[in-house]
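Asks: Have a look at the structure that comes next, please.
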Amino acid sequence: MKKKREVLKPETRLRGEEKNIQRGVNKSNVILIGFICLLVGFILGAAVAILKTNWEPKVAISAEEPERNRSGDYEGEIQLSKSILEKDPNNLQALINLGNAYFDADRYQEAINAYTKALVIDPKNPDVRTDMGIMYRKLAQFNQAIEAFRQAAYDDPKHLNSRFNLGIVLKHDKNDFRGAIQAWEEFLKLNPDNDRATMVQQEIQSMKLALSKK
C-alpha cells in the first residue's frame, strides 16, 4: 500500500509561519545592530579626524604644479612624442608634450632638456618656462628656478603661476621673505579673488610678522 502523504494541520502550519516570522525578526535585528555599529564607527572616525585636524600644525602651501591628465602611461607618451620629433624635430607641441611626459614621470633633467628646445622655438611661452622652473626646483637648482619664474612673469605680466611659484622658492628654499612678499603681493594684485588668495595672504602676514621681530 502507498503511504498517504501527510498533510499539515492548520495549527502546524501556523507554528511554521511563526517560526519563519521569528527568523525574519532575528535577521532584522542583526542587520539593525550591524548598521548601528557601522554608524558609530563612522562617527568616531570623523571625530578623530576633526580632532587631528585641529591639533596638527598647518602645512605651508606647496608649489603650484600644472594639472594634466596623468594617465600613468608616461613611456607611451614619451615614445609617441619622440616618434613625431624624429620626422619633425621642430614640432613645438611634440616638444612640449615630451617635456610634460618627463615632468609627470619625475624625470626632471629630461623635462628641462625638452622644455629648453621648446623655448628656442617659442621663447615667450610662460607656461613652459614655469614648468621648467618647477623642474629646476625639484633638482634643488633654486637660482635657475627663480630665473625661470621671473622670466615667465616678465614675458607675460598677467601670468599667475610664475609669481606664485616664485614666492614659494623665495620663501621656502631661499629664506628670502621680502622677495617672497613682493612676488605674492604682485600675485594678489593680478587676481585678488583666486582660490589661493586666502592662503597667500596668510603667508604674507606670517612673513611680515617674522620680519618685524628681527
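We did not get these values from a lab; they are worked out from the coordinates using the rules stated. No experiment lies behind these values; they were computed from the predicted model shown. Glycine gets a Cβ as well: all are built from the backbone with ideal geometry, and neighbour counts include every protein chain shown.
Asks: Bin width 10 Å, alpha-carbon pairs only: give the P(r) of region 132-214 as whole percents, running from 0 to the bin holding the largest distance.
Replies: Here the calculated profile for region 132-214 is 20, 50, 28, 2.
Asks: Applying the Karplus parametrisation 6.51 cos²θ - 1.76 cosθ + 1.60 with θ = phi - 60° to the phi angles of region 207-214, what ³J(HN,Hα) value in whole Hz is obtained for each residue in order, glycine and proline being reported as x?
Replies: With the stated coefficients, region 207-214 comes to 5, 5, 5, 5, 5, 5, 8, 7 Hz.
Asks: Something else about it: Starting from the Cα-Cα distance between Gln93 and Glu75, subtract it from 0.36 nm times their residue separation and give me the gain in nm to one decimal.
Replies: Full extension from Gln93 to Glu75 adds 4.8 nm.
Asks: Oh, and also: Which ³J(HN,Hα) values in Hz, rounded to whole numbers, follow from the phi angles of region 88-93 under the Karplus curve 6.51 cos²θ - 1.76 cosθ + 1.60, where θ = phi - 60° and Gly and Pro get x?
Replies: Each residue's phi maps through the Karplus curve to give 9, x, 9, 6, 4, 5 Hz.
Asks: Hey, another quick one. Would you please give the residues with an amide H less than 5 Å from that of Ala105, counting only those at least 5 places away or on a separate chain, with H modeled from the backbone geometry?
Replies: none
Asks: Per the Kirkwood treatment, what hydrodynamic radius in Å, one decimal, follows for region 159-200 from the mean inverse distance over all distinct Cα pairs?
Replies: Averaging 1/r across every pair of different Cα atoms and inverting gives 9.9 Å.
Asks: Something else: Between Met199 and Lys213, what length in nm is gained on full extension when 0.36 nm per residue of separation is reduced by their alpha carbon distance?
Replies: Difference between extended and current length: 2.9 nm.
Asks: Please compute the modelled spin-label separation between Gln109 and Glu185, points set 7 Å along Cα→Cβ, answer in nm with one decimal.
Replies: For the pair Glu185/Gln109, the computed spacing is 4.0 nm.
Asks: Could I ask something else about it? Each residue of region 149-162 in order: what ³J(HN,Hα) in whole Hz does its phi give by Karplus 6.51 cos²θ - 1.76 cosθ + 1.60, θ = phi - 60°, with x for Gly and Pro?
Replies: Residue by residue, region 149-162 yields 5, 5, 5, 4, 5, 5, 5, 9, x, 9, 7, 7, 5, 5 Hz.
Asks: While we're looking at this one, here's another question. How big is D, in µm² s⁻¹, for region 108-177 by Stokes-Einstein at 10 °C and 1.306 mPa s if Rh is the Kirkwood radius over C-alpha pairs?
Replies: 136
Asks: Let me ask another. If I model a spin label at Ile84 and Asn143 as a point 7 Å from the Cα along the Cα→Cβ vector, what separation in nanometres do I get?
Replies: With each label placed 7 Å out from Cα toward Cβ, I get 3.6 nm.
Asks: I want to check the label-to-label distance for Ile121 and Asp173. Put each point 7 Å from Cα in the C-beta direction and report it in nm to one decimal.
Replies: About 2.6 nm separates the two model spin labels.
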